[in-house]
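Take a look at the structure below.
Just so it is clear, none of the values below were taken in a lab; they were calculated from the coordinates. Predicted model, so just to flag it, every value in this text is computed and none were measured. Cβ placement follows ideal geometry from the backbone for every residue including glycine, while neighbour counts extend to all protein chains displayed.
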Amino acid sequence: MGIQITPSMLASDFANLEAEAARISGADWLHMDVMDNHFVPNLTLGAPVIEALAKVASQPIDAHLMIEDPDRWAPAYVEAGASSVTFHVEAAAAPVRLAREIRAKGARASMALKPATPIEPYADMLPELDMVLIMTVEPGFGGQKFLDLCLPKIRRTRELIKRHGGDIWLQVDGGVSVETIERCADAGADVFVAGSAVFGADDPDDMVSRLRALGASAQGSHAGRHVH
Ligand code: DX5
Ligand code: ZN
């Protein structure tokens, strides 16, 4: 699979979301960080804001739910217009049922893991998912430093995805920039969230292109080394 870039709108101007989305027309998705002040110590936005942006943006919405009780709340984000909905497995009471419900409602189902959460206990549920999100910072805030300790888990997750077959995307989120994207792509990630790197750049759309090019070349070298 090719490289996809999904800028985090958390780093954009919340007073001008429509215009901010238009500044990154080359982005594959718009990453929307939903925080509830319980699962993480920060409060951002909910389904009404996603619904408003989905109506005016040209890119599809990738909703990242950092909330308690996603079993109860996640389906409403599909109804609000998100094309991909990510829940945290640490917060989900019944992740298999939830993933099936998200898919049944018509969105891609995705499961997120905090830095200290291992992937191995969830290997058998990979076929229920369209994407796995490996957090590379503790969720809650933009602008944090990338955690290199997550790289082995990205690699192991890519191996598990290969073993189970299926077209499951592997997303990374947190501290992704021109400094760190190659490490992630080399480890097997193919969908990249970047907030401060994109919106902190003079030309956000040009940064999207730069990140895509760096990711693609690192992915290419990865594929080359592991031919068998
Ligand atoms: C953090 C959020 C991220 C955040 C990334 O909890 O999930 O999506 O916006 O921001 P950067 O790219 O600045 O680390
Ligand atoms: Zn996020």
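Data overview
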quantity: Convex hull of Cα atoms in the stretch 1-135, direction-averaged projection (nm²); calculated: 8.1
quantity: For the stretch 2-10, Karplus couplings with θ = phi - 60° (6.51, -1.76, 1.60), whole Hz, Gly/Pro x; calculated: x, 8, 10, 10, 10, x, 7, 5, 4
quantity: Net charge of Cβ neighbours under 14 Å - reference SER209; Lys, Arg +1; Asp, Glu -1; calculated: -2
quantity: Residue of PHE199, PHE146, PHE14 that the Gaussian network model of the chain assigns the largest fluctuation, springs spanning Cα pairs under 10 Å; calculated: PHE14
quantity: Full-stretch length increase - SER221, GLU159 - with 0.36 nm per residue and alpha-carbon distance subtracted; calculated: 20.7 nm
quantity: Inter-label distance, nm, simple model (7 Å from Cα along the C-beta direction), THR117/VAL178; calculated: 3.3
quantity: Convex hull volume per residue in cubic angstrom - Cα atoms of the stretch 4-225; calculated: 108
quantity: Debye, to nearest 20: dipole size of the chain, +1 on Lys, Arg Cβ, -1 on Asp, Glu Cβ; calculated: 700
quantity: Gain on full stretching of the segment that runs from LYS55 to ASP202 - 0.36 nm per residue minus C-alpha separation; calculated: 50.2 nm
quantity: Pairwise label distance in nanometres, VAL96 with GLN144, each label 7 Å out on the Cα-Cβ vector; calculated: 3.1
